[in-house]
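The values are calculated or read from the model by the stated rules, or taken from the named source; none is laboratory data. This structure is a prediction, so every number in the text was calculated from the model and none was measured. Glycine also receives a Cβ, built like all others from the backbone with ideal geometry; neighbour counts cover every protein chain displayed. The accessibility values were calculated without ligands, DNA or RNA, using every heavy atom of the protein model including side chains. Shrake-Rupley method; radii C 1.70, N 1.55, O 1.52, S 1.80 Å.
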Amino acid sequence: MAAAMKNVEEIRSRVILGEFGVKNAHTTDFPGNYPGYDDTWNLGKFQKNFRINVVQLKENSMEFDMVGVDPAIANAFRRILLAEVPTMAIEKVFIYNNTSIVQDEVLAHRLGLIPIRADPRLFEYRNSAAEEGSEIDTIQLQLKVKCSRNPRASKDSSDPRELYLHHMVYSRDLKWMPIGNQADVFADAFIGPVHDDILIAQLRPGQELDIVMHCVKGIGEKVAKVVNSRLDTCSREVLRHDDLKNLVKLGRIRDHFIFTVESTGILPPDVLVAEAIQVLMSKCQRFLSELDSSDMD
């Protein structure tokens, strides 16, 4: 009986790595599944067991352990962190002049991938029906560069960096054009590209770019990368040896998850985590509201 109870406890709390697969991957500790166990969800029990341990916090990365939560919830949090945290990104590109060799569509796509440093919590979602943006929902950037010959270049030089002026267009050339009272409201915000060394295009004398961009608040932009680090690997190589595989058991604690969040620089990693939690809470609240409305019907 003791051995059977031990096996049940292992099934409930451990993910076992076998030679040809993974066992106990699905959660089974729901009410009534195991005799003698009261698996009814309890808020007090959850609050006692759940914890987040911050292991490392840097400017653009954060590592923490999330313990005492169901795998489905941890995965939902991971997916929200990757794709549903609001951010400000280039949405519309107005190309007034482009005489470079880069096609308009490719150029617009490149510009849309440049991370913009702007706190989305300070802006509203833009109305899809509105043609013009306002100071509360839009950031306007301008890119205006023209390449010319360097009159001081040596006649024998063949280096484009010496022969031409403004022939390399970088993200640092994007200039913020405040709308309305944005210059006063965001005077200390340093709105612009997160990285100033992203190459956009190369020009030759006579070629120029004249572009206006609108950044709006939205989701779907990848603002973070979530990886498992801390060298938390588990090689199953030992299970290939007949003299060792019966002496070793490999497993993982089911409700212990290691998160490493790497930010693109738009928001600090701790803010990203807090925003992802807020999104998850709003989803739960919306689900509860739907249940309440269905009960009333």
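Key figures
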quantity: Dipole magnitude of the chain about its Cα centre (Cβ charges: Lys, Arg +1; Asp, Glu -1), debye to nearest 20; calculated: 900 debye
quantity: Average accessible area per residue (Å²) across the range 1-137 - probe 1.4 Å, nucleic acids and ligands excluded; calculated: 65 Å²
quantity: Compactness relative to 2.2 N^0.38 Å, alpha carbon Rg of the range 80-151; calculated: 1.38
quantity: Along principal axes, Cα extents of the range 109-159, largest first, whole Å; calculated: 56, 21, 20
quantity: THR264 accessible area, assembled protein chains, probe 1.4 Å, Å²; calculated: 40 Å²
quantity: Long-range Cα-Cα pairs in the range 87-219 (distance over 17 Å), rounded percent; calculated: 61 percent
quantity: Of the GluC sites (Glu not before Pro) in the range 93-192, those whose Cβ has at most 15 other Cβ within 10 Å and which sit in DSSP loop; calculated: GLU124, GLU131, GLU132
quantity: Cα-projected label distance for PHE287 with PHE50, points at 7 Å along beta-carbon direction, nm; calculated: 1.2 nm
quantity: Helix-only mean residue ellipticity at 222 nm for the chain, each DSSP H run of n ≥ 4 adding -39500 (n - 2.57), per residue, nearest 500; calculated: -8000 deg cm²/dmol
quantity: Solvent-accessible surface (1.4 angstrom probe) belonging to LEU43, in square angstrom, nearest 10; calculated: 90 Å²
quantity: Candidate residues LYS92, LYS23: accessible-area rank, largest first, probe 1.4 Å; calculated: LYS23, LYS92
quantity: Efficiency of FRET between GLU208 and LYS155 - r from beta-carbon atoms, R0 25 angstrom, step 0.05; calculated: 0.50
quantity: The range 149-204 and the range 43-78: distance between their alpha carbon centers, rounded to Å; calculated: 42 Å
quantity: Added length on full extension, which subtracts the Cα-Cα distance from 0.36 nm per residue, HIS109 to ASP38; calculated: 20.1 nm
quantity: Option label - Cα extents along the principal axes in Å computed here, alternatives (i) 101, 47, 42; (ii) 75, 45, 38; (iii) 91, 62, 32; calculated: (iii)
quantity: Within the accessible area of the chain (1.4 Å probe), percent carbon and sulfur; calculated: 52 percent
